Amino acid sequence: MRIVIAGPPKAGNVWLKCLLGTMFDLRPLSPHETPARPRLRLLKAWLSEGAFPDGSIFHQHYDYSPSLADALTAIGAHAVTIVRDPYDTFVSSYFTIQQHADDDLRKGRRTDMLLNKPLDHPDVLKYLREGGFRNNMLRAQEWIGSGRTVVVRYEALHADPLGELRRVAGEIAPVAPEQIERAVAACSAENMRKQGGERSKHVRAAKVGDSRDRLTDEHYAIFRSQYGDLIRELGYDVR
C-alpha cells in the first residue's frame with residue numbers, strides 16, 4: 001500500500017499521516033526521500049525511478065490535476081486529502097509563519113508581510129483582503145471536486161476519530177479495529193508533542209474552533225466578502 005496525503009497546508013496533514021501510517025502499518029517517508037517540492041514533474045520523475053516504496057506514506061501540498069491523479073493511480077497509490085475549517089486554517093497558518101520569522105529560507109514569499117505582526121495588524125488584514133488566502137482554499141476545493149481522493153474532515157477526526165478512520169479504511173482497505181484504536185492513542189496531540197521533530201512543530205492548539213478566540217469582526221467581514229463562496233463550497237458556515 002502507498003498513500004499520498006495531498007492538499008492544503010495547516011489542515012492536520014502531519015496528524016493524519018501519523019494516524020494512517022500507524023493504522024495501516026506504513027513507514028512515513030522523510031523529506032529527503034520524497035520529491036524536493038510539490039511539483040507534478042518532480043513527482044512523475046520520482047515515481048518513474050521507483051522511489052515510492054510499497055508500505056509507505058508521505059504528505060506534500062500538491063495542487064490537484066488529472067495528470068497527478070493518473071500518475072498515482074498507475075502505481076496503485078491512494079490520495080487522501082484532509083479539509084479543515086478555513087477560519088481555523090488561516091489562524092494556524094498565521095502562527096506557523098510567525099514561527100519561521102527568523103528562517104531565511106522562507107524569505108521572499110508573499111506571506112512575509114505577516115511576519116512579526118499581530119493578527120489584527122493592517123498588513124494582515126490587507127493580505128486577507130487582497131485574496132492572499134484564496135489559493136489555500138482553492139487547493140482543497142479542487143481535490144474535493146475531483147472525486148479522486150479520500151476526503152477527511154479535521155473536525156470529524158476530532159469529534160469521532162474511531163468512526164472517521166473506520167470510514168477511511170472502508171474506502172482504502174480493511175483494517176482490524178484494534179489497529180484503529182492503536183493509531184488514535186499513538187497519534188494524540190500530547191504524544192506527538194512528546195516525540196519532538198516534525199510532529200511536535202506542527203502541533204500547536206490542535207483543536208477545533210481556535211479562530212473563534214482569535215479573529216475580530218473585521219476579519220470576519222473580509223472572509224465574508226472575499227472568501228464566502230469558497231467557504232460554502234468547502235462545506236463550512238460563513239460567519
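Okay, here's what the table says:
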quantity	calculated
Complete set of residues in region 146-167 that are of a type in the set (S, T, N, Q) and not in a loop (DSSP other than H, G, I, E, B)	S146
Sole residue being crowded, with 16+ Cβ neighbours inside 10 Å, farther than 26 Å from V152 by Cα and at pLDDT 95 or above, chosen from L47, L119	L119
Every pair of residues 6+ apart whose Cβ atoms lie under 7 Å, when the first sits in region 207-228 and is part of a loop (DSSP other than H, G, I, E, B) while the second is surrounded by fewer than 14 Cβ atoms within 10 Å (Cβ to Cβ)	T216/D120
Those residues of region 20-74 which are assigned to a strand (DSSP E or B) and aromatic (F, W, Y), in sequence order	F58
Region 108-121 residues that are farther than 15 Å from D217 by Cα, paired with ones that are part of a loop (DSSP other than H, G, I, E, B) and charged (D, E, K, R) (beta carbon under 9 Å, 6 or more apart)	L115/K107
Of the criteria (1) at positive phi; (2) surrounded by fewer than 14 Cβ atoms within 10 Å (Cβ to Cβ), which one G7 fails	(2)
Selection status of I97, in contact with a Phe, Trp or Tyr (Cβ under 8 Å, 6 or more places away or on another chain) and either in contact (Cβ under 8 Å) with a residue 12 or more places away in the chain or surrounded by 14 or more Cβ atoms within 10 Å (Cβ to Cβ) (or both)	no
The lone exception for M113 - which of (1) assigned to a helix (DSSP H, G or I); (2) modelled with pLDDT of 95 or more; (3) touching a helix residue (DSSP H, G or I) at 6+ places or on another chain (Cβ under 6 Å); (4) aliphatic (A, V, I, L, M) it fails	(2)
Residue match in region 52-72 (condition: in contact (Cβ under 8 Å) with a residue 60 or more places away in the chain, buried (at least 22 other Cβ atoms within 10 Å of the Cβ), within 21 Å of V184 (Cβ to Cβ) and not hydroxyl-bearing (S, T, Y))	no
Test set (1) buried (at least 18 other Cβ atoms within 10 Å of the Cβ); (2) within 27 Å of L162 (Cα to Cα) - D25 fails condition number	(1)
Output for region 28-37, where each listed residue is of a type outside the set (V, I, T) and crowded, with 17+ Cβ neighbours inside 10 Å	P28, L29, P35
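Okay, residues lined up against (1) touching a Lys or Arg at 6+ places or on another chain (Cβ under 8 Å); (2) modelled with pLDDT under 95:
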| residue | (1), (2) |
| --- | --- |
| F58 | yes, no |
| D85 | no, no |
| T89 | yes, no |
| Q99 | yes, yes |
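The values are calculated or read from the model by the stated rules, or taken from the named source; none is laboratory data. Computed from a prediction, not measured in an experiment: that's the story for all the values here. We place every Cβ from the backbone using ideal geometry, glycine too, and count neighbours over all the protein chains shown.
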